[in-house]
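Notes follow once the structure below has been shown.
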Number of protein chains: 2
Amino acid sequence: MVRAASNSDAGPPRRADAQRNRAAILEAAVELLHRDGANASLEEIARRAGVGSATLHRHFRGHRALLEAVFDDRIEQMCAEAERIAEQWPAGEALWAWLRHIAQHCAAEKALAALLRNDYGDTGAQNRSFGALGRAGQKLLDRSAAADAVQPGVTLKDLLLLVNAVADVCSDNSADIDRLLDLTWNGARRPIATNC
Amino acid sequence: MVRAASNSDAGPPRRADAQRNRAAILEAAVELLHRDGANASLEEIARRAGVGSATLHRHFRGHRALLEAVFDDRIEQMCAEAERIAEQWPAGEALWAWLRHIAQHCAAEKALAALLRNDYGDTGAQNRSFGALGRAGQKLLDRSAAADAVQPGVTLKDLLLLVNAVADVCSDNSADIDRLLDLTWNGARRPIATNC
DNA sequence: ACCTGAACACCGTTCAAGT
DNA sequence: ACCTGAACACCGTTCAAGT
């Protein structure tokens, strides 16, 4: 279920066998990244795709390039979700609903979580993935800040790191994720004045 | 700065060269685990310690056994901190101060964070490390719950996972850690009624 | 232009052979 | 009892040789 090549429109047309190989590699990568997480063996991916490991490396120079190609469409999907959610909910709820979506994606695909976490860490942050996600999220955060729905001083990076971290420690149990995210959003501490 | 062998009092006395090797391995492991995190190369550790890799594997059967030996005393230290803190602060503050300490340890030693995270995940949870830490933390949590200082239903595992996760995504910047932990404790959401 | 097999420099783990 | 060197089955990456 990976689109053949989302950003391969540029450049000269590829040979038919090269296109087939590329698609086979992506297909195999999806399965093994799902099973083994971010450091699935490239060798095994190549084997399952029925190509030599050298072929994999020429299509995707380095681990990271493969991850980006695999999760490219899922990141676009998360950006689209931001727009859709923004239209349906008030600022604070929208931001939080979107972050919960991201957490679910990250918990279901540890490799995606690892990819994004690296991007957040980069001070450069000029990565394509973070760029798109960052713009989508910043809109939601700005609206929330304007509505006074988040703690002052909270950055988008803070929030993305938090949900990523929570997703990473929860082992696929989506009930756990929801509980920990709730704690993060509402605070683990009992509010001092509960009934005003 | 690793005690020679904290749980080697049991069993027959070891040969002098074996003791020296064991100590050298631990020393090297401390350095390389600090530099490379949880999956530092065992081979490189053995090399730096000046022993064959087979020797390392006989002293410590598997990656995990080495991690446990290295961080044994640091875990005891965290347990001791729990007692000390409990005597000085009211329930809620004590719990939170202790969790902040743990986060700092985990952020400074990613390998320690990885070791603990595995223990939290284990449903068995009969691990020595988690056992001691769990008992120490549960006391603090029970006191806090009795004082109504934490959200009802929060478990110790929730809290340990959260601080571990936060520590893991913060790259050694202790200011970042403090900010994210604060969000976790107080909630990222702006409380609805702020001035009662 | 693209693929392949082989090579290189690494892993973690195990085991027979030594003292 | 303990250590060693060699072996085994893996990695990721690169490169010359093929079509």
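Since every read-out is calculated from the coordinates, none of them should be taken as a lab result. Worth saying up front: this structure is predicted, and the values here are computed from it rather than measured. Please note: Cβ atoms are built from the backbone with ideal geometry, for glycine as well, and neighbour counts cover all protein chains shown.
A few remarks follow.
- Across peptide A:157-168, the average count of Cβ atoms from other chains found within 10 Å of a residue's Cβ is 5.
- Angle in degrees between helix A:110-121 and the longest Cα principal axis of chain A, rounded to the nearest 10: 70 degrees
- Per-residue [θ]222 nm for the protein assembly as shown (sum of -39500 (n - 2.57) over DSSP H runs n ≥ 4, rounded to 500): -23000 deg cm²/dmol
- Divide the volume of the convex hull around the Cα atoms of chain A by the residue count and you get 140 Å³ per residue.
- With kT/(6 pi eta Rh) evaluated at 4 °C and eta = 1.567 mPa s, and Rh the Kirkwood radius from Cα pairs, the stretch B:78-177 diffuses with a coefficient of 95 µm²/s according to Stokes-Einstein.
- Overall form of the stretch A:147-186 per C-alpha gyration tensor (a/c, 1.5; a/b vs b/c): oblate
- Förster-model FRET efficiency, 25 Å R0, A:A175 and B:A147, C-beta, rounded to 0.05: 0.35
- Each Lys or Arg adds one and each Asp or Glu subtracts one; over the other residues with Cβ under 14 Å from the Cβ of B:I177, this totals -3.
- Which of A:V30, A:A80, A:L56, positive extreme of dipole for the stretch A:18-113 (C-beta unit charges): A:L56
- log₁₀ of I(q)/I(0) at q = 0.08, 0.12 Å⁻¹ - the protein assembly as shown, Debye sum with one point per alpha carbon: -0.51, -1.04
- Using θ = phi - 60° and Karplus 6.51 cos²θ - 1.76 cosθ + 1.60, couplings along the stretch A:96-105 (whole Hz; Gly, Pro as x): 6, 4, 5, 5, 5, 4, 4, 4, 5, 4
- Peptide ranges A:18-25, B:77-84 listed from the most packed, as the mean C-beta count within 10 angstrom indicates: A:18-25, B:77-84
- Partner lysines for A:K157 [C-alpha distance under 16 Å; skip if fewer than 8 residues away on the same chain]: A:K139
- Direction-averaged projected area, Cα convex hull, the stretch A:41-106: 5.3 nm², rounded to one decimal.
- Relative contact order for the stretch A:21-110: 30 percent, from Cα pairs under 8 Å spaced at least 6 residues apart, divided by residue count.
- Percentage relative contact order, chain B, counting C-alpha pairs under 8 Å, at least six apart: 20 percent
- Separation of the stretch B:38-108 and the stretch A:68-102, taken as the distance between their Cα centroids, equals 38 angstrom.
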